[in-house]
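Before any comments, here is the structure.
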Amino acid sequence: MPYPRRRFERRAGLNHRLGIAGRARRHGPEIVDGGVVFNLWAPTARLVELLEIGQPPRLMPRDDDGWCQLFSPTAHAGTRYQFRTNENLIVPDPASLFQPDDVGAASEVVDTAAFRDSILYPGRPWAEAVIYELHVGTFSQEGTYAGVEARLPYLRDLGITAIELMPLNDVPGRHNWGYDGVLLNAPNARYGRPQDLKALLRAAHDLDVMVYLDVVYNHFGPQLNYLHLYAENFFTARHSTGWGPAVNLEGRDGAFAREFLIENALMWLRDYGFDGLRFDAVHALKDDSERHFLIELAETVRHQLPGRRVHLMLENEANQAHLLDRSNGQARYYEAQWGDDFHNALHVLLTGENEGYYRAFADKPLEHLARSLTEGFAYQGEVFPLHDAPRGEPSGHLPPEATIFFAQNHDQIGNRALGERLSKLVHPDKLAQAMALVLLNPHIPLLFMGEEAAVETPFLFFADWTGEAAELTREGRRKEFSHFKAFSTPEMRARIPDPCDERTFRASKLDWSSIDHSPASAKFRALTTQLLTIRREKIVPLIKRGFVSAQRKLLGDPGSGGIDVRWQTTRGDILQIVANFSDHPLPLPKMVAAECLWRGLAVEAGALLPGDITVTLAEA
């Protein structure tokens with residue numbers, strides 16, 4: 001039965017005497033002198049109780065906006081707790097800072113403020129970024145933060161300057177990519193405790209390696225997300241996404257959701273000390289407010305963390321160049337966007353594949369690739385064939401470092417039915433050509449874990465759903481590839497690994513014995529290190545000087561020939577890349593009188609051989 005109102009008023013009076021009433025509202029627990037203040041926004045719940053382990057249930061006073069707040073003198077760091085709404089639903093804190101026993105169990109109070117370093121790591125200039133994307137659970141056999149930490153010297157020696165962790169927010173089950181999180185503030189307990197995550201960052205910073213984190217704000221996972229049961233205003237029916245109801249970012253209720261997400265970004269950057277964030281699929285953040293959420297987010301981070309090198313990155317199918325604008329040479333909002341256009345065009349040229357989203361780049365892949373290299377985006381307002389609608393904004397005014405280029409990443413490998421890497425799809429010469437192109441152009445490069453050694457370990461889509469969610473995931477995966485020729489029959493589709501089978505997760509773990517001992521891996525790793533040395537010594541100084549122009553020409557057949565691309569710096573230096581993607585020699589174009597930084601294959605007078613790439617630099 002409901003609590004009598006006089007008990008509610010008595011508890012509210014206690015909080016007023018303790019100085020809690022009128023306190024600035026925040027999401028999650030706050031450690032204060034003498035105890036902990038617990039906070040929950042539950043506008044559609046009749047009443048909320050705090051269930052602190054070892055203590056009797058206590059009603060939480062609430063205000064007219066649905067904020068419930070209670071001071072507990074018995075709570076401290078390490079205290080376990082839950083909330084009970086409407087007398088029967090027991091839930092974790094949606095702003096939980098740690099879930100030791102999975103997302104459906106009790107939350108734990110963590111003093112993340114104690115993680116803040118008194119002497120801050122200064123970070124590195126964005127021009128120096130060489131990003132290495134990894135999944136903590138599959139990067140090492142341990143599948144832990146400590147497993148990543150043990151390999152940091154290897155990455156540093158390779159030439160990596162930043163690691164990017166795939167999402168850490170807690171999800172149900174034993175393994176998941178992380179993009180279906182339900183508790184955004186709680187780093188996944190399968191990888192270690194929050195203190196272990198902080199130890200990883202400190203170890204990376206000691207080696208002058210930055211650490212970025214991938215975060216997901218556009219949707220929540222399908223299982224054990226209780227927000228809609230007591231805070232249904234957190235979501236809106238005005239918009240939808242490919243993953244379910246859209247997060248509500250508009251109006252009065254939307255202000256609470258915006259605050260929740262911005263606090264999350266600040267926690268990772270301020271408390272744990274992450275050097276940057278990559279925001280997943282921001283085109284799905286639907287917001288018709290006068291000041292878009294993405295602008296508010298970036299401006300708040302810049303304002304709250306002055307003087308820090310914080311790098312903010314986007315995945316944005318909409319190719320919104322205005323989010324990457326510069327002011328006095330610095331990013332106003334976001335440093336860069338993932339360059340999917342570059343990847344898609346390059347993949348078509350390397351593999352000849354033209355199904356799925358590659359269809360939008362198969363008509364003129366050389367032009368798409370060359371335009372991406374010189375202007376950032378291939379689609380800048382033209383009609384995108386897959387959507388039959390315009391896509392993108394003009395981006396030619398942006399510097400090259402406003403886009404992040406890659407030949408592989410978690411999506412482009414893992415969203416294949418069998419999770420094959422390029423090392424399984426193309427000849428080693430083409431693989432080397434792609435690596436040279438990614439690492440020696442003036443855009444920011446990104447490698448996916450194991451790519452540096454040409455590993456053949458697949459990276460598959462995996463999750464640990466149960467019941468209906470598991471079956472829907474299996475069937476959805478098969479339907480997703482049903483229109484591909486290789487999976488056109490039920491028998492062929494049956495070959496697709498079951499995402500919810502633990503063997504799928506285990507098959508995706510990197511084989512470090514091969515990386516450490518295989519002669520083929522050692523040879524390709526040496527190539528990667530050599531290219532990264534050239535980048536550090538020759539390309540990075542050009543980026544820091546700034547580029548003022550770029551030109552492109554197509555060589556041979558427009559459908560499968562080559563490219564001749566040049567960039568010029570403010571000082572007059574000229575960087576030139578020519579590459580042959582065809583299966584026959586091409587006449588070597590006129591080269592600038594310059595130092596040859598890279599020639600991929602044996603020199604043949606006046607010819608550019610198939611699979612070749614030549615990079616030259618004429619310094620002013």
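Note that the range 281-417 presents 36 Å² accessible area per residue, ligands and nucleic acids not counted, probe 1.4 Å. Residues Lys198, Lys286, Lys523, ordered by accessible area of protein heavy atoms at a 1.4 angstrom probe radius and largest first, appear as Lys523, Lys286, Lys198.
Here the Karplus relation 6.51 cos²θ - 1.76 cosθ + 1.60, evaluated at θ = phi - 60°, turns the backbone of the range 461-478 into coupling constants of 7, 9, 7, 10, 6, 10, x, 4, 4, 5, 5, 5, 5, 4, 5, x, 5, 5 Hz, with x for every Gly and Pro. Legend: Rg and Dmax of the range 220-359, from Cα coordinates, 17.2, 51 Å.
According to the calculation over all Cα-Cα pairs in the chain, the P(r) per 10 Å bin from zero is 3, 16, 26, 26, 17, 8, 4, 1, 0, 0 %.
Taking every Cα-Cα distance in the range 124-195 and sorting them into 10 Å bins from zero, the calculated P(r) comes out as 19, 47, 28, 6 percent.
Take 320-328, 343-351 and order them by the average number of nearby Cβ atoms within 10 Å per residue, most first; the result is 343-351, 320-328.
Computed 3J(HN,Hα) for the range 155-172, one whole-Hz value per residue from the Karplus formula 6.51 cos²θ - 1.76 cosθ + 1.60 where θ = phi - 60°, is 5, 4, 5, 5, x, 6, 10, 8, 9, 10, 8, 4, x, 9, 3, 5, 9, x, glycine and proline marked x. Between the range 322-366 and the range 432-448, what is the C-alpha centre distance in whole Å? Here the answer is 13 Å between Cα centres. Along each principal axis, taking the top coordinate minus the bottom one, the Cα set of the range 459-527 gives 45, 30, 17 Å in descending order.
Taking amide H as placed 1.01 Å from N in the peptide plane, Thr161 has its amide H under 5 Å from the amide H of Val130, each at least 5 places away in sequence or on another chain. Rolling a 1.4 angstrom probe over the protein heavy atoms with all chains in place gives the range 149-193 an accessible area of 24 Å² per residue. Between Thr529 and Arg326, the contour length at 0.36 nm per residue exceeds the alpha carbon distance by 70.0 nm.
Restricting the calculation to Cα atoms, the range 53-107 shows an Rg/Rh of 0.94 when the hydrodynamic-style radius is the Kirkwood one. Quick one: plug the Kirkwood hydrodynamic radius of the range 280-355 (C-alpha pairs) into Stokes-Einstein at 4 °C, 1.567 mPa s, and report D in µm²/s. In µm²/s, the coefficient rounds to 91.
Diffusion of the range 507-592 by Stokes-Einstein, at 37 °C in a medium of 0.692 mPa s and with Rh set to the Kirkwood radius over alpha-carbon pairs, works out to 205 µm²/s. For the chain, carbon and sulfur atoms together expose 50% of the accessible surface, with a 1.4 angstrom probe and every protein chain in place.
Counting only heavy atoms of the protein chains and using a 1.4 Å probe, Arg545 has close to 80 Å² of accessible surface.
How would you classify the range 549-620 from its alpha-carbon gyration tensor, with a ≥ b ≥ c the square roots of the eigenvalues: rounded for a/c under 1.5, else prolate if a/b is greater than b/c, otherwise oblate? Because a/c hits 1.5 or more and a/b fails to exceed b/c, the range 549-620 counts as oblate. Residues whose amide H lies under 5 Å from that of Thr241, counting only those 5 or more places away or on a different chain, are Ala246; hydrogens are built 1.01 Å from N in the peptide plane. Computed from the Cα positions only, the extents of the range 431-580 along the three principal axes stand at 62, 39, 27 Å, in decreasing order.
For the chain, lysine pairs separated by 8 or more sequence positions, or belonging to different chains, with Cα-Cα distances below 21 Å total 8. Overall, the ratio between the Cα radius of gyration of the range 305-448 and 2.2 N^0.38 Å, rounded to two decimals, is 1.05.
From the P(r) of the range 211-274, can you give the percent of Cα pairs sitting at distances over 16 Å? Here the tail beyond 16 Å accounts for 51 percent of pairs. Here is the tail figure for the range 372-418: Cα pairs spaced more than 11 Å apart come to 73 percent of all pairs. Here the contact order of the range 116-240, divided by its residue count and restricted to Cα pairs under 8 Å and six or more residues apart, works out to 27 percent. Measuring between their Cα centroids, the range 30-95 and the range 218-238 lie 19 Å from each other.
Using a probe of 1.4 Å on the protein chains alone, the accessible area found for Leu431 is around 20 Å².
Taking 0.890 mPa s as the viscosity and 25 °C as the temperature, the Stokes-Einstein diffusion coefficient of the range 347-431 based on its alpha-carbon Kirkwood radius rounds to 173 µm²/s.
Across every direction, the projection of the convex hull enclosing the Cα atoms of the range 38-184 has a mean area of 12.0 nm². Debye-formula intensities of the range 138-256, expressed as log10 I(q)/I(0) at q = 0.21 Å⁻¹, are -1.11 (one equal scatterer per alpha-carbon, no solvent). Look at the alpha carbon pairs under 8 Å that are at least 6 residues apart: their mean separation over the length of the chain gives a relative contact order of 10 percent. Rounded to the nearest 500, the helix-only mean residue ellipticity at 222 nm of the chain stands at -8000 deg cm²/dmol, with each DSSP H run of n ≥ 4 adding -39,500 (n - 2.57). Ranking Ser118, Ser518 by solvent-accessible area of protein heavy atoms (1.4 Å probe, all protein chains present), from largest to smallest, gives Ser118, Ser518. For the set Phe293, Phe235, the ranking by accessible area, highest first and with no ligand, DNA or RNA atoms included, is Phe235, Phe293 under a 1.4 Å probe.
The values are calculated or read from the model by the stated rules, or taken from the named source; none is laboratory data. Bear in mind that the values here come from a model prediction, so they are computed numbers and not experimental data. Methodologically, a virtual Cβ is constructed for each residue, glycine included, from the backbone with ideal geometry; neighbour enumeration extends over all protein chains shown. Note: accessible area is taken over every heavy atom of the protein model, side chains too, but ligands, DNA and RNA are not part of it. Shrake-Rupley method; radii C 1.70, N 1.55, O 1.52, S 1.80 Å.
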